[in-house]
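Scroll down for the structure; my scribbles are underneath it.
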Amino acid sequence: MIRLENVSKRYKRGNETVHALDTVSLDVAEGRLALLCGPSGSGKTTLINLCAGLAAPTSGAVYVADNPVHTMRQAERAAMRARQVAVVFQLFHLTPYLSAYENVLLPMLTQQVSGAPQRARALMDELRITHRARHRPGEMSTGERQRCALARALLTNPAVILADEPTGNLDVESATVVLAALDARRRAGATILLVSHQPMDSVKPDVMFRLEAGKLVDAIA
Amino acid sequence: MTSSSNPLTMHRLLLREMWHSRWNTLACLLVVAASVALYVAMADLGAASVDATRALMKEMGFNVLILPAAADRARYQALDYEGPDMPEEYVTRLAEGRLILAQHFVGKLQHTTRVEEYTVVLTGVLGQSTRAGTVKDPMPTSYVVPRGQAFMGAAVARGLNKSVGERMRILGRDFEIARVLPEYGAVPEDIRVFIHLRDAQELLDRPGRINAIDALACQCPADARDIVAMVRDSIEATLPDVQVEPYYSLLLARHHQRALVARIQLAVLVGALVVAAAALWGLTYQNVSARRHEIGVLCALGFSDARILGLLLGKPLLYALVGAAAGCLTGRAVTTWSGVVAETAPLTPVTTLALLLPITTLAAMLFALPPIMSALLRDPAEVLGETQP
């Protein structure tokens with residue numbers, strides 16, 4: 001469901017060439033949860049961005065949900081994200097002028113979601129933020145904001161979930177709710193690539209990858 | 001929790017953002033409204049000014065004289081009109097001419113004669129011919145006189161001690177004095193006796209002939225340099241066998257006033273456009289910079305570039321439409337309620353004001369487009385990696 005073949009990503013920062021990823025190959029089968037670990041600057045977020053089609057690889061091939069992301073045009077990648085792939089960011093990135101409920105509903109503006117309001121309410125119940133439905137992001141705690149961002153990502157019932165350190169800024173209770181929701185999606189058949197600084201106790205990944213300085217140094221099934 | 005059947009739409013998203021960044025929205029609205037109001041007020045003032053000048057010029061009379069090619073100007077100035085004449089049909093040809101830079105034409109048959117020992121200029125006229133047909137509101141130096149009647153110049157009335165209703169004998173025929181004209185203050189106007197052209201042609205035995213045409217120019221382009229030559233050429237192109245003698249000061253005053261108004265209007269329009277463009281560019285840049293994470297998220301959620309562009313351009317579309325309408329109303333209110341423009345003065349037509357709406361909208365969207373495109377072209381991965389404000 002997620003496959004990278006010899007993927008490299010280089011970019012310029014001033015006069016310096018940064019090797020964000022260096023010939024990385026990995027494979028996450030459908031319905032599996034993969035944990036991607038590594039220190040800061042090891043290339044985890046770059047890898048997520050490549051899988052989401054938010055950036056293009058310098059070389060190599062990226063396949064996500066049977067889509068050859070590396071060859072797709074921008075509009076095709078946008079359509080893939082709308083229909084099949086959801087991204088959860090460490091920094092939430094909620095729309096500040098919408099309520100929590102409206103933030104969760106945002107994906108329905110680009111993808112027809114049957115029963116979207118009911119589904120949004122169910123997700124907010126599951127993630128325990130129903131009481132914040134009418135609140136703006138600025139009025140919510142960090143944990144609530146992340147749970148709201150996760151609910152938004154899950155609205156379209158995506159086949160692939162790319163979560164970039166979703167628990168990085170959260171307290172234990174919020175982190176537990178978020179990871180439980182992701183685990184439930186795995187059991188429902190979704191493929192999940194979860195990025196974290198370190199291994200987690202509360203979630204049992206099917207496979208674990210470790211990145212260091214842009215290289216894949218470990219893959220444990 | 002909101003429970004509407006359609007809880008979130010693109011329109012709602014757009015309006016929510018406009019309310020969220022209301023000071024930015026209000027500033028954009030004010031820039032558009034002020035620019036449009038300025039333009040409308042200037043256009044109204046310009047139209048009123050041109051009309052006021054037109055009325056003044058009308059009082060001052062015609063500004064172009066057309067004589068037969070062989071006419072002697074010196075003899076003409078000495079009130080000797082016994083020289084060559086031309087067909088009356090020339091007036092019709094001028095009125096129907098497509099390239100003539102003048103509008104009003106009066107064919108005259110003039111003859112200096114004596115009435116009861118007083119020298120008068122007998123003037124036969126039909127009334128004015130224009131491109132729109134014969135006018136019913138002749139200028140002071142041109143009159144529609146019924147047959148068998150005469151209009152007397154002020155000096156003639158004084159000299160002959162005649163008044164309205166009395167009769168006077170001209171070249172052996174009696175005419176009823178139907179009107180004594182106001183004093184014009186110039187020869188030959190005050191010593192004219194106007195009669196119907198047909199009566200004059202019969203008295204002088206010159207059927208179908210006239211010996212001068214008065215014309216009112218000019219419809220010259222505002223940027224024209226040698227308007228005298230332009231007017232002369234345009235008339236001579238239709239009637240090659242005439243001589244065209246413009247009254248320079250009248251012609252130039254009229255033209256310069258029109259040109260001045262046109263230049264002021266253009267300067268105001270350009271100034272308003274430049275200021276509005278700079279302000280809208282800056283305000284839009286500020287708005288999309290503050291929304292860079294939102295744009296990145298929309299991209300990450302699968303919104304196409306076209307959809308995001310539509311959302312971002314929706315804002316200038318809305319504030320331009322509302323701002324243009326408000327500007328039109330404000331500009332018109334300024335000119336009509338301030339008393340600067342006379343109540344009877346013509347104002348910019350409503351159809352022109354209506355045109356300002358799409359033009360302003362298009363301009364506002366064009367001004368806002370560069371910062372929007374620059375925000376849209378930013379790498380979403382890079383933007384989303386930035387720390388949120």
Heavy atoms only, probe 1.4 Å: what % of the accessible area of segment A:154-221 goes to carbon and sulfur, would you let me know? 51 percent
GNM on chain B, C-alpha springs below 10 Å: top fluctuator among B:D72, B:D80, B:D205? B:D205
With a 10 Å cut-off between alpha carbons and a GNM built on chain B, which of B:T92, B:T335, B:T351 moves the most? B:T351
Around B:T25, under 9 Å between beta carbons, what's the net of Lys plus Arg minus Asp minus Glu among the other residues? +1
So which aspartates and glutamates pass the test for A:K9, namely a Cα distance under 17 Å, with those fewer than 8 places away in the same chain ruled out? A:D22, A:E212, B:D379, B:E382
What longest region of chain B stays clear of GluC sites (Glu not before Pro) that DSSP places outside H, G, I, E and B and that have at most 15 other Cβ atoms within 10 Å? B:184-342
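Give me the extension gain from B:A74 to B:I264: residue separation times 0.36 nm, minus the current Cα-Cα distance, reported in nm with one decimal.
Stretched fully, the B:A74-B:I264 segment lengthens by 64.3 nm.
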Would you list which aspartates and glutamates come within 12 Å of B:K162, measuring only between C-alpha atoms, while excluding same-chain residues fewer than 8 positions from it? B:E116, B:E176
Using a Gaussian network model of chain B whose springs link C-alpha atoms within less than 10 Å, name the residue from B:D44, B:D190, B:D379 with the highest mean-square fluctuation. B:D379
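Can you give the net charge of the other residues whose Cβ lies under 12 Å from the Cβ of A:A78, counting K and R as +1 and D and E as -1?
+3
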Just to be sure I understand: if you take the accessible area of chain A alone plus chain B alone and subtract the pair, with a 1.4 Å probe, what total do you get in Å², rounded to 100? 2900 Å²
Can you name the helices of chain B, as whole DSSP H runs, whose Cα span along the helix axis is 24 Å or more and whose Kyte-Doolittle mean is not below 0.5? B:22-60, B:248-290, B:305-337, B:350-376
For segment A:44-61 the residues that are at least 40 Å² less accessible with all protein chains than alone, 1.4 Å probe, are A:L54
Note every residue of segment B:275-310 with a reduction of at least 40 square angstrom in accessible area, all protein chains present versus the isolated chain, computed with a 1.4 Å probe, or write none. B:E294, B:V297, B:A300, B:L301, B:G302, B:F303
Nearest 500 deg cm²/dmol is fine: what mean residue ellipticity at 222 nm does chain B get from its DSSP H runs of n ≥ 4 alone, each adding -39,500 (n - 2.57), divided by its residue count? -18000 deg cm²/dmol
Within segment A:91-106, which residues have the backbone N less than 20 Å from the label spot 7 Å out from A:A122 along Cα→beta-carbon, could you tell me? A:101-106
For chain B, accessible area per residue (1.4 Å probe, heavy atoms of protein chains only), Å²: 47 Å²
So if each residue of separation counts as 0.36 nm, and I subtract the Cα-Cα distance between B:Y285 and B:L56, what length gain in nm does that give? 77.4 nm
Residue-normalised 222 nm signal for chain A, counting each DSSP H run of n ≥ 4 as -39,500 (n - 2.57), nearest 500 deg cm²/dmol, is -9000 deg cm²/dmol
Which net charge results when you count Lys and Arg as +1 and Asp and Glu as -1 among the other residues whose beta-carbon is under 11 Å from that of B:V244? -2
Using a 1.4 angstrom probe on heavy atoms only, work out the carbon and sulfur share of the accessible area of segment B:64-246 in %. 48 percent
Given charges at beta-carbon only (K, R positive; D, E negative), |dipole| of the protein assembly as shown in Debye: 1580 debye
By the C-alpha gyration tensor axes a ≥ b ≥ c (rounded if a/c is under 1.5, else prolate when a/b exceeds b/c, else oblate), the shape of segment B:64-246 is prolate
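The values are calculated or read from the model by the stated rules, or taken from the named source; none is laboratory data. Given the structure is predicted, the values throughout are model-derived calculations rather than measurements. Note that each Cβ is placed from the backbone with ideal geometry, even for glycine, and that neighbours are counted across all protein chains shown. Only protein heavy atoms, including side chains, enter the accessible area calculation; ligands, DNA and RNA are left aside. Shrake-Rupley method; radii C 1.70, N 1.55, O 1.52, S 1.80 Å.
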